[in-house]
Structures are given as structure tokens and as C-alpha cells.
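Colleague: Okay, handing you the structure first.
Every read-out reported here was derived from the displayed coordinates using simple, explicitly stated rules and does not represent laboratory data. Just so it is clear, the structure is predicted and the values come from calculations on it, not from any experiment. Positions of Cβ are generated from backbone atoms using ideal geometry, with glycine treated the same way; all protein chains shown enter the neighbour counts.
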Amino acid sequence: MKVAATMLGVPVRRLAGKIVAALRPEAPRESRFVALPAIRPAALPAGYAERQANALSIDGMMSDFSMQVMDAVLTHQAARGLTGHVLEFGVWKGRSASILSAHIRDGERFILCDVGQYLTEQVLAKFYARPEFVQAGSSEFTTYVDVAPLRGSVRFAHVDSSHAYRDTLAEMALVDEILAPDGVACFDDFTNLNYAQILPAMFKYLFTTGTDLTFFLVTNDKGYLCRRPSFEAYATFVLRQLIDEMRMRGNADAMIARTDMDPEYRAFYLRPRGEGETGDHYGPSLYAANYEVP
């Protein structure tokens with residue numbers, strides 16, 4: 001009986017310990033928000049050309065093509081009246097953040113997260129909205145930031161941080177938690193095979209977790225995801241409007257490709273035309289049906 005009582009007492013004590021721990025007040029969350037210089041945001045320019053020139057004046061590796069695509073997607077969200085917060089993981093000196101800042105509206109949070117704070121006062125003066133800055137890696141974000149107010153309310157997340165396999169898996173899970181029903185997540189270096197681990201990490205998450213995230217657009221630099229119920233809206237934008245949006249941003253050489261319509265993967269590939277290529281679609285004689293409907 002004594003042995004039985006001891007054996008029964010072990011799980012009881014463990015359960016009691018868990019109950020006490022749950023009732024104990026939570027320790028204050030350490031803040032990693034960095035106070036940025038109080039710089040007045042720049043006046044929003046009327047056209048894209050000035051936004052691009054402004055971004056190009058900031059050190060960074062984001063290409064003209066990537067700026068044009070990102071700006072077009074954000075403009076499409078505005079045209080649909082979508083609202084929500086905007087986050088960026090991996091900021092460096094702020095080139096891509098400059099593009100994002102042109103699309104922040106009243107009531108939306110603009111949160112930047114990086115392991116280091118490299119934004120100068122001169123760069124902050126080129127932003128069109130004041131950001132919040134979290135000095136931490138993406139894997140630490142939930143440790144130092146209360147994500148409850150962000151859950152399901154982020155309309156655009158740009159991920160350009162460590163590119164490690166485990167970090168990318170964690171970033172996919174975080175994006176899945178915070179992305180709004182009509183939100184977009186953009187992952188950098190998606191097709192850069194110097195970071196080949198990004199591909200298996202992202203597809204492992206997509207096909208093993210039951211998520212409703214799916215790709216709707218990929219480029220030579222980035223992969224754009226939305227939730228499956230929003231796929232038709234974003235795919236329609238890519239198919240019917242994106243080429244014209246690229247032309248309006250000074251790029252008359254973009255074309256889209258889609259060589260499969262499998263229900264599990266119907267994303268478009270947007271890229272510059274190759275030598276000798278014409279038209280807006282790749283392989284229309286072979287894949288015409290793939291460009292008829294989203």
C-alpha cells in the first residue's frame with residue numbers, strides 16, 4: 001500500500017505543480033523594442049518612380065525587379081481595401097523597408113525585426129512611415145513580442161533573415177499564426193540555391209502541417225504565399241493585371257509562366273523575358289489552357 005500510494009502520489013504532485021505554475025503571475029516580458037530617433041517621415045510621393053529611386057539610394061541587395069513586384073502586390077492590396085499590419089524580418093539598412101513604408105495606412109503597425117539595428121537617421125528620414133524596431137532574430141520574436149494582437153491581422157510579411165532550415169520552418173509557423181485571411185507572406189531568396197535549404201523547409205511545412213498557406217507567385221528572388229481561400233483573388237491579379245503593373249513601373253520585359261495546373265500547386269512564375277522571347281506568357285502553344293483561368 002505504501003508503494004502504491006507513492007506511485008500514485010508522483011503524478012498527483014506533478015499535476016499540482018503544473019496548476020500552481022499556471023496560476024503564478026507571468027514574469028514580465030523582456031522588451032527588445034529599440035527606440036529609434038524621432039525622425040519625421042518623408043512625404044509620400046505621387047508615383048512609383050520616386051519610391052524606387054528613394055529605395056535605390058539606400059544600401060541593399062533588393063533588385064529593381066523585386067521592388068516592382070512587391071510594390072505592385074502592396075498596391076493591389078490597397079485597391080481591394082485590405083488592411084492590417086506590415087512586418088519585416090531581416091531589415092539590414094532598410095532598402096526593402098523603404099518600399100514597405102510607402103504602403104502603411106492609419107491604424108496599421110509597421111514592425112521591423114533584425115538582430116542588429118543598422119538604420120541611420122538619414123535612412124529613417126527616407127521612410128514614409130515610422131516603424132517599430134525589434135532587435136532580435138526571427139526565432140526570438142515571440143519571446144520578446146506579444147503576438148496576440150498580431151494574430152490573424154498581418155496583411156504583409158516580408159521574411160529575409162537567417163535563411164537556415166530550422167529558422168525557415170519556424171518562420172513559416174510564425175507567419176501562419178499572424179497572417180490575416182487575405183494577407184501575403186513574401187520569403188526572400190526562395191530560388192537562390194546558395195540557400196537551397198529554404199526550399200525543403202518551406203515545402204515541408206506546406207505539405208506536412210495542414211496549413212492553408214500556398215504559393216501564388218514566385219520570382220527569381222522571392223516566393224509569395226497567401227491562404228488557399230484567397231488564392232483565386234491573388235492569382236487573378238497575377239494573371240490579369242501584374243504584367244501591366246510591371247509596365248507601369250518601367251518594366252516592359254516581364255512575362256509569366258505556368259506549366260502545370262495541379263490542385264496542390266498552381267503558382268505563377270514571373271521573370272524577365274529571355275533572348276528571343278516575345279509575349280506575356282511562356283509557351284502559349286503548349287500551355288494556353290493554363291493562362292485562361294486563375
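Colleague: Determine the percent antiparallel among the DSSP beta bridges restricted to segment 33-252, to the nearest 5. Write out the running numbers ahead of the final one.
Modeller: Values: 11 of 29 bridges.
Antiparallel bridges make up about 40 percent of those DSSP assigns within segment 33-252.
Colleague: What is the ratio of the Cα radius of gyration of segment 36-140 to 2.2 N^0.38 Å, where N is its residue count, to two decimals?
Modeller: Working: Rg = 13.0 Å, N = 105, 2.2 N^0.38 = 12.9 Å.
Cα Rg divided by the expected 2.2 N^0.38 Å: 1.01.
Colleague: Could you grab the Rg to Rh ratio for segment 96-162? Cα atoms only, Kirkwood for Rh. Write out the running numbers ahead of the final one.
Modeller: Values: Rg = 12.1 Å, Rh = 12.9 Å.
Rounded to two decimals, Rg/Rh equals 0.94.
Colleague: Just the C-alpha atoms of segment 148-264: what Rg/Rh do they give, with Rh taken as the Kirkwood radius? Numbers along the way, then the final one.
Modeller: Working: Rg = 14.5 Å, Rh = 15.0 Å.
Rg/Rh for segment 148-264 comes to 0.96.
Colleague: Between rounded, prolate and oblate, where does segment 57-116 land on the alpha carbon gyration tensor, with a ≥ b ≥ c its root eigenvalues, rounded for a/c under 1.5, else prolate if a/b exceeds b/c? Write out the running numbers ahead of the final one.
Modeller: On the way: a/c = 2.56, a/b = 1.30, b/c = 1.97.
Because a/c hits 1.5 or more and a/b fails to exceed b/c, segment 57-116 counts as oblate.
Colleague: So, one more: Check cross-link reach from Lys93 to the aspartates and glutamates: straight Cα distance under 13 Å, and skip same-chain residues fewer than eight apart.
Modeller: The qualifying aspartates and glutamates are Asp59, Asp114, Glu121, Asp160.
Colleague: If amide hydrogens are placed 1.01 Å from N in the peptide plane, which non-local residues have theirs closer than 5 Å to the one on Phe133?
Modeller: Val34, Leu112
Colleague: Still on this structure, I have one more. Using θ = phi - 60° and the Karplus relation 6.51 cos²θ - 1.76 cosθ + 1.60, list the HN-Hα couplings for segment 33-44 in order, rounded to whole Hz, with x at every Gly or Pro.
Modeller: 6, 9, 6, 8, x, 6, 9, 5, x, 5, 5, 5
Colleague: Can you give the angle from 0 to 90° between the axis of helix 2-23 and the longest principal axis of the chain, with both taken from C-alpha atoms, to the nearest 10?
Modeller: Result, in degrees: 50.
Colleague: Next up: Give the long-range amide H neighbours of Val159: residues separated by 5 or more places, or on another chain, with amide H under 5 Å away, using H modelled in the peptide plane at 1.01 Å from N.
Modeller: Phe89, Cys186, Phe187, Asp188
Colleague: Could you give the Stokes-Einstein D for segment 130-217 in µm² per second, using the C-alpha Kirkwood radius, 20 °C, 1.002 mPa s?
Modeller: Using the Kirkwood radius from Cα pairs, D works out to 158 µm²/s.
Colleague: What residues of segment 47-64 lie in the reach of a label at Ala125, counting those whose backbone N is under 17 Å from a point 7 Å from the Cα along Cα→Cβ?
Modeller: Residues 54-59 qualify, since their backbone N sits under 17 Å from the label point.
Colleague: Sorted by average packing, counted as other Cβ atoms within 10 angstrom per residue and highest first, what order do 134-146, 34-46 take? Mind showing how you got there, number by number?
Modeller: On the way: 134-146: 17.5, 34-46: 12.0.
Listed from highest to lowest mean packing, they are 134-146, 34-46.
Colleague: Follow-up question, since we're still on this one. Over the Cα atoms of segment 210-271, what radius of gyration and what Dmax do you get, in Å?
Modeller: Rg and Dmax of segment 210-271, Cα atoms, are 11.9, 40 Å.
Colleague: Counting other beta carbons within 10 Å of each Cβ, put Glu245, Glu108 in order, fewest first.
Modeller: Details: Glu245 20, Glu108 17.
Fewest to most other Cβ atoms nearby, the residues stand as Glu108, Glu245.
Colleague: Still on this structure: Please list, by residue number, everything in segment 97-125 whose backbone N is under 20 Å from a paramagnetic label point 7 Å out along Cα→Cβ of Gln135.
Modeller: From segment 97-125, the list is 97, 110-125.
Colleague: Oh, and also: Would you mind calculating the relative contact order of the chain from Cα pairs under 8 angstrom and at least 6 residues apart, reporting the percent as a whole number? Could the numbers behind the result be given before it?
Modeller: Details: 467 pairs, mean separation 41.1, N = 294.
Relative contact order here is 14 percent.
Colleague: I've got another one for you. Counting only helical runs of four or more DSSP H residues, what would the 222 nm mean residue ellipticity of the chain come to if each run contributes -39,500 (n - 2.57) and the total is spread over all its residues?
Modeller: Values: 11 runs with 104 residues, N = 294.
Only helices count here, giving -10000 deg cm²/dmol.
Colleague: A follow-up question, please. Write down the Kirkwood hydrodynamic radius of segment 177-246, to one decimal in angstroms, obtained as one divided by the mean of 1/r over all alpha carbon pairs.
Modeller: Working: mean 1/r = 0.0776 Å⁻¹.
Evaluated on segment 177-246, it is 12.9 Å.
Colleague: What percent do you get for the relative contact order of segment 210-270 when only Cα pairs under 8 Å and 6+ apart count?
Modeller: Values: 69 pairs, mean separation 22.9, N = 61.
With pairs under 8 Å counted, the relative contact order is 37 percent.
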